[in-house]
1. Give the lysines reachable from A:LYS496 as a straight Cα distance under 21 Å; neighbours fewer than 8 places away on the same chain don't count.
2. In degrees between 0 and 90, to the nearest 10, how far off the longest principal axis of chain A does helix A:119-130 point, with axes built from Cα atoms?
3. Over the Cα atoms, compute the radius of gyration (one decimal) and Dmax (the largest Cα-Cα distance, rounded to a whole number) for the range B:80-274, in Å.
4. Quantify how strongly other chains surround peptide B:151-157 by giving the mean number of their Cβ atoms within 10 Å of each of its Cβ atoms.
5. So what's the gap between the Cα centers of the range A:415-481 and the range B:173-214, to the nearest angstrom?
6. Using Cα-Cα distances under 8 Å and only pairs 6 or more residues apart, what relative contact order does the range C:93-192 have, in percent?
7. What ranking do A:396-402, B:26-32 get when scored by the average of other Cβ atoms within 10 Å per residue, highest first?
8. Taking a cut-off of 18 Å between Cα atoms, list the lysines near A:LYS212, but don't count ones fewer than 8 places away on the same chain.
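Bear in mind that the values in this text are calculations on the coordinates, not laboratory data. Computed from a predicted structure; not experimentally measured. No Cβ is skipped: glycine too gets one built from the backbone with ideal geometry, and neighbour counts run over all protein chains shown.
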Amino acid sequence: MFSRPGSFRIAGSLALVVSAALVLAGCSASAGTGEKVEGGTISFGVDVDPVGHLDVHSSQLDINAILQRPVFDSLVSQKADGTIVPWLATKWQVSDDQLQYTFTLRDDVTFSDGEKFDAAAVKANFDHIVDPATESAQASSLIGGEYYAGTEVIDPTTVRVSFSQPYAPFLANAASVQLGFYSPKVLAEHASELKAGGPGISVGSGPFILSKYTPGSELVYTKNPDYNWAPEGATAQGPATIDELDVKILPESSVRTSALTSGQVDVIGDTAPSSLSQIGDNFTVTSTESPGVPYSLYLNVTRPVFSDVTVRKAFAGGFDLDAAVKAVFNDSYQRAYSILGPTTPDSYDAALEKSASFDADAANDALDAAGWSERDSDGYRTKDGKRLSARWISYTPVNEDNANLANLIQDGLKKIGFEVVHDQLEPGAYLDAYLAGDYDLTDWGFLSADADVLRSHLGTGGYQNASHLSDPEIDATLASAVATTDGSTRAELYTKLQQWNAENAVIVPLYVPEYILASSDKVSGIEVDIHGWPLFSGASLTK
Amino acid sequence: MSGGLTGRLRGRVGLIAAALLLVVVAAMAVAPWIFTPLDPLATDTSQVLQPPAWGRPFGTDQTGRDVFTRVVYGASYSLGVGAGATAAALVVGIIVGTLAGLAPRVIDSVAMRGVEILLAFPEFLIALFAIAVLGPGPVNVATAVGVAAVPAYIRVARAETLVVRRSGYVEAARGLGVHPLRVAVAHIVPNTLRPLGVIATIGIGTTIVAAAGLSFLGLGPQDPTPEWGLLLSGGRNLLGQAWWVAFFPGVLITLTVVSATVVGRRLRRAGEGRA
Amino acid sequence: MVLRRILARVAGMLVVVWGAATAAFLVLKLVPGDPVDVMLGVSAQASPELKQSIRVELGLDQPLAVQYLSYLSRLVRGDFGTSYQLRLPVTEVIGQQLGYTLQLAAASLAIALVIALVGAVLVHGRAARGVFSVLELLAISSPPFWIGLVLLSVFAFGLGWFPVAGADGIQSLILPALTIALPVAGILGQVLRTGLEDAEEQPFVTSARARGAGPARLVLRHTLRHAAIPALTLAGYIVGSLLGGAVVVESVFARPGLGRVALSAITNRDLPVVMGIIVFTAIVFVLVNLLVDLAYRAIDPRIHTPTTAIRGAR
């Protein structure tokens, strides 16, 4: 999903080197040394308030997905290594033409307001997602976008989802909280209040119930005592061990960290790499590399500067990315080598890590050869009197670490005579410039549990296709990759795409963001999903 | 300030120090290269977050830039906005205040009621409201801060205008056939300049703090501009590890404002003595 | 006669609030940019039909005069509109956060009063007064956000005496309140001290002393009352400082409150919230003025009208 700047965190500093543990299998994020205690409250510090965006079916905010997971269940569950296991659906069948998914549902599931979960509830929810009034951008694309053809109730425990063409990511996406289930009563009576959310509105069937919401300050969840339908293979099938989950909104990273070390909160999320030095050894730190598109630069190939592949490659190789990433993030975030993060299932091409990167000489030679051989009085290259200059647009507020990284990149490119002007625009102005194509490069990272995220970034007309790439071969590869569910075929196709990008430098990957969770030894049993986000259903306090 | 010989001496020393500091800061704003050979935007990944030392008196920041250099170059932004906004506010204030003083009673009292209300608010708050309306941005910060400074000048200009008007001078001039506008420009305005000048000196301090405050909140120029408020904001998350990044810009702002206030107060006292 | 004065007073108050509401409305309508685009945000992929339907829903397609009248009529009924960003009624947004800011303002005012009183009353002698006036100068000139950062750095990060952020209990209130209080204490202190010096020279003091009143009684019953009057005229300004200070301090110390709401609304161009806060501030200002007038009558029945606010007390 679209990572708002708040998902990537703040300034780097001289800090103790903390090795980022790559968690690929669902493992415990905390190891309390004492015995488990029944009941109690776990407090969790987060960085962003999802206020106004609490509707899981429409929100694009990561924080909303994290904070609503305890409340909403999904058809299936995805483990941290990518495998799909049954949850509210006990089994499913995919038709031979891959156009129909038939799910058999559990019959013992109830929403916390008493409503029953059945096939009609599934249909009501999926209809809500694709209803234009919901204004859903993310959930509607996760459910299949234009390929989604509808949901049918076969009988109370059987539901069928149909597509107009094979859509491989569907099963993994069905595990997301965005495709989770509201009580049908809430959908019928409170549809207009879902975005504001709150107790009685954000009602699901999950292990926790939202009992209090103070925007800007905290959310309180209480245990759902009737819960008995955890995903297959979960540590506990029944209700949660703790009585209450208390989420505190603490936007500044240093503030969250102090809250953790002073004992005000037990767990914190979205920890900035720079704060890690303040966290002692009696705390558990779990870093998970984010799957999807790493934080990257998107070069607009339809504008003169970057229409020449030689110039693009000189740009990509002309500044010391390793040094820049190290300076800003120390060793907490790794530089990215590919347009997909290493933990994206069935896709990452590890061979790219050996590819050559920073080579100022080669860049200088290439630019000379491309005709940019003259220099003006400020030291920038010129050709026929025009300066070699690229316009980079970002929308405010710009995350501080990214701003510092941008600075280092600009400075590095200045040394090879390439001018980069960084315009930090208000969202309205940014949108105008972006939609008009009035820029040479822009930047973001896009969190996604499936490599199909490349389709919107590289496919002709894709909304996220900031590069304005239009290549029929690429489109064909993307279309084949979304239409097959065979893991190794997909991996092959995506490898092809990654290597193509390495050759053509349409997207310049910068660093792989990580979700860093830190917890004290007072808690144990917190698992993480494929994004690194915490799951509290099996968590407990320790003595 | 306390009286007595030691008091007077301390006062004199304070005044000289303040005036000197203002000159130095002005020099930083106009010719920053005298103070430092470095480029405020030049990064250096090998010198990240170094504490103050001989070659770098204020240390370095997260990307290896020299904090002292950035503070020096920042003077032109902060002082520029402060002086520019104050100057603009002065001009507007004189015009509106003089007109109000010469206008018929009704218009004058309505206008002044509005001005009195505005004067009851601190400048920063008014600037904040102005920026809320204009939207963030460096130019808007200057405008907002200027707008916030205007009411005080209007009041003084009007007061002086009333003094001249009541002195019968205006009537006499009118009687002689001199156009009221000429009276205003030739006689009223010069009278207002002295008291306004005094207020403006102190006013520059308030304007600088207000502008830095808006930038600190993220409503002004963007990174990597070395504006003082922005520098403070950048150092905010480093308090635990690199206090120097935020500390020194703040010291500069404080010293500048203190100096402007001290000089301004002295001018005011001198003016009162004579009047 | 009294009734007429009260009516005139109420009318005056309403005019001020109306003026603020109109000013807010007019200028915000003149702001460029499509509010619907701003509302939906950068990453939204909304169709033109959807945008038009939102426009109709918000009444943005009506002529300006109609919008203005419906805006006023809603205001009178207490409906400040709905926040673009938060999808909640503005009154609810303000109401939820008001408590925190009031807490902060009250604590700041209390601390400021204590410091100012100590500085004015207990400090005697030329040298001490000299030192205090330098401290006051520093307090007034330092940018509040810098004071906050220094206090944070020394007392929270450095010595660890106070929490670094948040709104948990009294401890987390002290540093933020102190940050706002210092500049206010600076101005108050000056005014109080000058007022006391003036008051001490008044004839009623000599006669009170002649009657055998001791120094403490003198200060408390007579001079302080007299000196309080110029301090009261600053009340509006002080309230303004508390509000402006809250915006900065809530940001520095990561506290919830109206300041945070205001800043976020300004940064995100959440126009209904911005307008709501402007009108709310006008109402607060008008109420404070009223309280100040009543306080004048209580302290000194001789006085009927307040002197004009002293902004240039520096």
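1. A:LYS313, A:LYS354
2. The angle comes out at about 30 degrees.
3. Taking only Cα atoms of the range B:80-274, I get Rg and Dmax of 19.7, 73 Å.
4. Values: counts 1, 2, 0, 0, 3, 1, 0.
Taking the mean over all residues of the peptide, I get 1.
5. Spelled out, the Cα-based centre of one part sits 54 Å from the other.
6. Working: 88 pairs, mean separation 47.7, N = 100.
About 48 percent, as a whole number.
7. On the way: A:396-402: 21.1, B:26-32: 15.9.
Put in order of decreasing packing, that is A:396-402, B:26-32.
8. A:LYS195, A:LYS223, A:LYS248
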